[in-house]
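Participant: One structure, pasted below without further comment.
The values are calculated or read from the model by the stated rules, or taken from the named source; none is laboratory data. All values reported here derive from a predicted model rather than from experimental measurement. Quick reminder, even Gly has a Cβ in these numbers, built from the backbone with ideal geometry, and neighbours come from all protein chains shown. With ligands, DNA and RNA removed, areas are computed over all heavy atoms of the protein, side chains included. Shrake-Rupley method; radii C 1.70, N 1.55, O 1.52, S 1.80 Å.
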Amino acid sequence: MKVLVLNGPNLGRLGLREPDVYGRTTYADLVALCESAGRDLGIEVEVRQTDFEGELVGWLHEAADQAVPVVLNPAAWTHYSIAVRDACAQLVAPLVEVHISNVHKREEFRHTSVISAVADGVIAGLGVRGYVLALNWVADRKTG
Ligand code: DQA
């Protein structure tokens with residue numbers, strides 16, 4: 001089974017970006033962490049990141065067409081992108097929304113997600129471990 005782990009804007013700067021909020025784990029570390037979790041779970045994990053909304057929409061279309069499960073950190077698009085939400089709504093396999101930080105403890109504009117209503121589950125505030133937990137759930141769902 002293949003799972004796509006998709007990341008939105010500024011997540012390529014993990015480790016450099018606001019480390020007090022997002023930690024010191026770099027984007028390269030995050031990719032390695034997800035790939036290693038995939039090996040442990042016996043699933044193929046492909047991790048991508050983009051700062052371009054249309055590129056993410058295209059990847060979501062690809063996931064919809066191929067019925068691939070998605071672990072998605074939409075980053076800032078979480079809070080306002082109806083285009084990303086509409087693309088998520090077309091997915092046929094599970095979708096887990098992940099946030100590294102606890103968005104509910106932060107600024108009010110981060111308390112709203114336009115994605116959550118079309119996701120199967122949401123993980124926030126558990127750091128990059130949230131991605132691993134999401135991959136575990138997706139792998140269990142597929143086999144269980
Ligand atoms: C984030 C939270 C968002 O509010 C923010 O815009 C991000 C990252 C997180 O992983 O905690 O870029 O999705």
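Participant: Give 62, 53, 97, 108 a once-over and let me know the one that is within 16 Å of the ligand (Cβ to nearest atom), acidic (Asp, Glu) and more than 19 Å from residue 10 (Cα to Cα).
Facilitator: Only one candidate qualifies: 108.
Participant: Tally time: how many residues in region 70-83 are within 12 Å of the ligand (Cβ to nearest atom) and over 11 Å from the mean Cα position of the chain (by Cα)?
Facilitator: 5
Participant: Given the structure, is residue 46 more than 12 Å from the chain's Cα centre (by Cα), under 11 Å from residue 6 (Cβ atoms), open to solvent by 40 Å² or more (accessible area, probe 1.4 Å) and of a type outside the set (S, T, N, Q)?
Facilitator: no
Participant: Being under 15 Å from residue 11 (Cα atoms), in a helix (DSSP H, G or I) and within 15 Å of the ligand (Cβ to nearest atom), is that true of even one residue in region 34-44?
Facilitator: For region 34-44, residues under 15 Å from residue 11 (Cα atoms), in a helix (DSSP H, G or I) and within 15 Å of the ligand (Cβ to nearest atom): present.
Participant: Of all residues in region 1-33 being in a helix (DSSP H, G or I) and not hydrophobic (A, V, I, L, M, F, W, C), which is nearest to the ligand (Cβ to nearest atom)?
Facilitator: 22
Participant: What is the number of the single condition among (1) small (Gly, Ala, Ser); (2) at positive phi; (3) open to solvent by less than 20 Å² (accessible area, probe 1.4 Å) that residue 125 does not meet?
Facilitator: (3)
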